[in-house]
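Structure in structure tokens, see below.
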Amino acid sequence: MAQSSSLTRPKFASEGQPYTVFIEGNIGSGKTTFLNYFRKFDQVCLQAEPVEKWRDVSGVNLLDLMYKEPNRWAMPFQTYVTLTMLQTHTLATEKSIKLMERSLFSARYCFVENMLNNGVLHQGMYNVMQEWYNFIRENVHIQADLIVYLRTTPEVVYERMKARARSEEKCIPFEYLKQLHELHENWLIHGHHERPAPVFMIDADLPLEDITKEYERSEQSILSKKP
Ligand code: DGT
């Protein structure tokens, strides 16, 4: 009798992934503040975005180079974002819940799309990124159970970004935040791209004093693992 051979293999990192929540939203929407709110819960593994890694790749500030010379540095920056995001997606933890700041999905559907639209990524570079994303989707398990969308207006986040004055972001114009806003809306509200999990929306224009109530609303969904 002929041996039946199966070539299918389990995806990388299929084991050991807990209930996973992506925190998404424009630059300055309050993702870090949201993550910090969950610091008090023992069962939660918090994964802030690796911005510090992007600012110091063995002494090189890739984030800064990407903003200063986008035509040259957008592609290496995005490939490094892909690597660091993958490291977070696949990180094993004994905690029962993982909260991640952003995901491979926002890198792909918001930032990389924007770079193509603005002519910062050549079509050939964009195509290479797409092939990487497709390969990853086919071969790596990306756990996704809930997306918390910190929804803002570009006007509000522009003021916040100016107030926090991160040195690399000094050159970001209002128009850039508007474009990123539209891309987040297209993905998370209008469904122009795959949404890997249900979306929980929070009004993140609210000032810090008033936003705790919104956080509490999402706390229930997250801790009970019921979207
Ligand atoms: P928060 O806490 O909501 O204020 O979050 P931020 O603004 O600290 O974090 P985020 O992810 O919105 O942005 C950090 C910086 O990194 C910001 O200058 C935008 C940039 N960035 C994040 N992800 C990507 C990406 O995939 N591609 C590009 N080009 N830039 C990215």
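Every read-out reported here was derived from the displayed coordinates using simple, explicitly stated rules and does not represent laboratory data. Note that the coordinates shown come from a computational prediction; the quantities given were computed from them, not determined experimentally. Heads up, the Cβs are rebuilt from the backbone with ideal geometry, glycines too, and the neighbour counts pull from every protein chain shown.
Could you sort out which of Lys40/Lys98; Lys95/Lys226; Lys31/Lys68; Lys95/Lys213; Lys98/Lys213 sit more than 19 Å apart by Cα distance in this structure? If you can, show how the numbers build up before the last one.
Working: Lys40/Lys98 14 Å; Lys95/Lys226 17 Å; Lys31/Lys68 24 Å; Lys95/Lys213 25 Å; Lys98/Lys213 21 Å.
Too far apart for the 19 Å limit: Lys31/Lys68; Lys95/Lys213; Lys98/Lys213.
Using 15 Å as the cut-off for backbone N distance, which residues of the stretch 11-26 belong to the label zone defined by a point 7 Å from the Cα of His141 along Cα→Cβ?
Correct set: 11-20.
Could you work out the percent of alpha carbon pairs in the chain separated by over 26 Å, rounded to a whole number?
Value for the chain: 38 percent of Cα pairs lie more than 26 Å apart.
Something else: Mind checking which of Ala107, Ala204, Thr153 is farthest towards the positive end of the chain's charge dipole, using Cβ charges of +1 (Lys, Arg) and -1 (Asp, Glu) about the Cα centre?
Checking the options against the dipole of the chain, the answer is Ala107.
Here is a further query. Please name which of Gln220, Ser167, Val44 has its Cα lying farthest along the dipole of the stretch 19-224 towards the positive end, using unit charges on Cβ (Lys, Arg +1; Asp, Glu -1) and the Cα centre as origin.
Farthest towards the positive end: Ser167.
What's the FRET efficiency of Asn118 with Ser221 using the Cβ-Cβ distance as r and R₀ = 30 Å, to the nearest 0.05? Show your work: numbers first, answer last.
Working: r = 35 Å, r/R0 = 1.17.
Computed FRET efficiency for Asn118 and Ser221: 0.30.
So how do 98-106, 164-172, 42-50 stack up, highest first, on mean other-Cβ count within 10 Å? Write out the running numbers ahead of the final one.
Numbers: 98-106: 23.0, 164-172: 12.7, 42-50: 16.6.
Output ranking for 98-106, 164-172, 42-50: 98-106, 42-50, 164-172.
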